[in-house]
Amino acid sequence: MKQLNIGYAGLTHLGLNYLAASAQKGFKVIGLDFNKDKINKLKKFNTSYEEPNLKNTIYKNKKRIFFTSNFSELKKCQLVFISEDVDTDDEGNSNYNSINKLIKNTSKHLNKKAIMIILSQIKPGFTRNINFDKKRLYYQVETLIFGNAIKRALNPERIIVGCKNPKNTLNKLFLKYLLSFKCPIIKMRYESAEFAKISINMLLASTITTTNMLSQICEKISADWYEIIPSLKLDERIGTKAYLTPGLGISGGNIERDISTVHSILKKYNKPKSIVKAFQKNSNYAKSWVFRILKRERILKEKNFSKIAVLGLAYKINTSSIKNSPTINLLKKINSRKIKVYDPKVKLNNKIKNCTQVNNVRKLVNNSKVIILMTPWPEFKKVEKMLTKNRNTKITIIDPYRIINLEENKNKYIKYLTLGK
């Protein structure tokens, strides 16, 4: 089993994390990508992704990993995963041009007994339509989370496998690989597995949407959503890991992609789309919460507009991704060149013209009259001490994720605004 060679074609976030997990399990892996510059960087352990433990896992397993742009190297592999993340636009619509090219080139170079597994995020019907021997073709559902990808790749709750006929036995080599993860393996037809991935994200979307809606009601009735959360997590029908922390809509691209896919399927078959539209509408409304606060507090009309500080650009912690980021959405709406922003991982590189990125968060906080905490990075908890010490000038704190604890603050100079209360 240790002699099993596994290939990963497509080294975006998805491919790199599963490659690293396979190497950690003791397998020899080959990582392949069209981009020669990316391959050269990976050989120097530059992963280009701010993912905890990804670079370290690759480095400590470097003797088992070989990076290349030469497709003929895949002939050495018994299992080859198509592992490129599928690009989406701002509405979640997928572009399959790149993955189709990758599959075509990969299938040409596999040996006659090699297994090909689609790991990328695709729509129902995609796998069955691939021109490849279906006895050697599988689809595996990925359930990675930005910021926790290596852990989930190494320790999945279960593995969902799509195949031509779920009644047939899985390929022995593929099964041996799957059994190394020591979790339940669920077989189903291609289309069921493809839609299982989408179904997971749709149910997550419903929890996120409901949580944001209920937390907004709390703001109107003098309730505190964070007092309610513990009682919900103790309900076994909801659970301790439910998405119950209110936030600024749905971001990152993955759930939005599957919402868009379901919308397209419902439209094709002339079925009601109201629930899916509600997810999208509620997400956009939640994303605008900070902007609505700025308007309500008349901050955008004040002369000291240049004193606004925005902390956090990434759509969530432990990633440098700004895909559908609420912060980027906010900066575009404000449309002023006087905003100053800070993020420990993201570099804007002039992507947003209406703001200036700074490197010193303490100096930024001390020189601002409005502080907006947009990403719950742990280091932002220190902002509380920066604020309360000898504060004698007025300041407004907008903290949707309750990163700092100022709800009971008695300092008359500090105005604190948060979600769900």
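The values are calculated or read from the model by the stated rules, or taken from the named source; none is laboratory data. In this text, all values refer to a predicted model and were calculated from it rather than measured experimentally. Cβ: placed from backbone, ideal geometry, glycine included. Neighbour counts: every protein chain shown.
Table for the structure above
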{"read-out": "Among (1) in the same structural domain as A23 (by TED's automatic domain parsing); (2) of a type in the set (S, T, N, Q); (3) surrounded by fewer than 17 Cβ atoms within 10 Å (Cβ to Cβ), the one test that T207 misses", "value": "(1)"}
{"read-out": "Residue within the range 380-388 that is at pLDDT 90 or above and either loosely packed, with under 13 Cβ neighbours inside 10 Å or among the aromatic types (F, W, Y) (or both) present", "value": "yes"}
{"read-out": "Flag for N70 being closer than 19 Å to I39 by Cα and polar (S, T, N, Q)", "value": "yes"}
{"read-out": "Unique residue being at pLDDT below 95, of a type in the set (A, V, I, L, M, F, W, C) and out of contact with any Cys (no Cβ under 9 Å at 6 or more places or on another chain) when the list is I122, I117, I103, I130", "value": "I122"}
{"read-out": "Subset tally (residues that are over 15 Å from I58 (Cβ atoms) and touching a Gly at 6+ places or on another chain (Cβ under 6 Å)) for the range 1-42", "value": "1"}
{"read-out": "Options L42, L16, L11; residue that is in contact (Cβ under 8 Å) with a residue 24 or more places away in the chain and part of a loop (DSSP other than H, G, I, E, B)", "value": "L11"}
{"read-out": "Where a residue in the range 241-263 is among the β-branched types (V, I, T) and its partner, wherever it lies, is assigned to a loop (DSSP other than H, G, I, E, B), with Cβ under 6 Å and at least six apart", "value": "I259/G92; T261/K123"}
{"read-out": "Enumeration of residues in the range 363-382 that are part of a helix (DSSP H, G or I) and in contact with a helix residue (DSSP H, G or I) (Cβ under 6 Å, 6 or more places away or on another chain)", "value": "V365"}
{"read-out": "Options P166, P156, P124; residue that is in contact (Cβ under 8 Å) with a residue 40 or more places away in the chain and either in contact with a Leu (Cβ under 7 Å, 6 or more places away or on another chain) or not aromatic (F, W, Y) (or both)", "value": "P124"}
{"read-out": "Candidate set: the range 131-155, residues that are under 18 Å from the mean Cα position of the chain (by Cα) and in a helix (DSSP H, G or I); chosen: the one farthest from K108 (Cα to Cα)", "value": "K151"}
{"read-out": "K333 vs. criteria surrounded by fewer than 19 Cβ atoms within 10 Å (Cβ to Cβ), touching a residue at least 24 places away in the same chain (Cβ under 8 Å), closer than 20 Å to G249 by Cα and not small (G, A, S)", "value": "yes"}
{"read-out": "Output for the range 127-149, where each listed residue is in contact with an Asp or Glu (Cβ under 8 Å, 6 or more places away or on another chain), in contact (Cβ under 8 Å) with a residue 60 or more places away in the chain and either aromatic (F, W, Y) or closer than 23 Å to S48 by Cβ (or both)", "value": "F146, G147, A149"}
{"read-out": "Residue, surrounded by the most Cβ atoms within 10 Å (Cβ to Cβ), within the range 45-81, restricted to residues that are closer than 17 Å to I150 by Cα and polar (S, T, N, Q)", "value": "T57"}
{"read-out": "Only one of S22, S98 that is in a helix (DSSP H, G or I), buried (at least 23 other Cβ atoms within 10 Å of the Cβ) and among the small types (G, A, S)", "value": "S22"}
{"read-out": "Cβ-Cβ under 8 Å pairs, at least 6 apart or on other chains, the range 303-317 side over 15 Å from L364 (Cβ atoms) and assigned to a loop (DSSP other than H, G, I, E, B), far side at pLDDT 90 or above and among the acidic types (D, E)", "value": "A314/D343"}
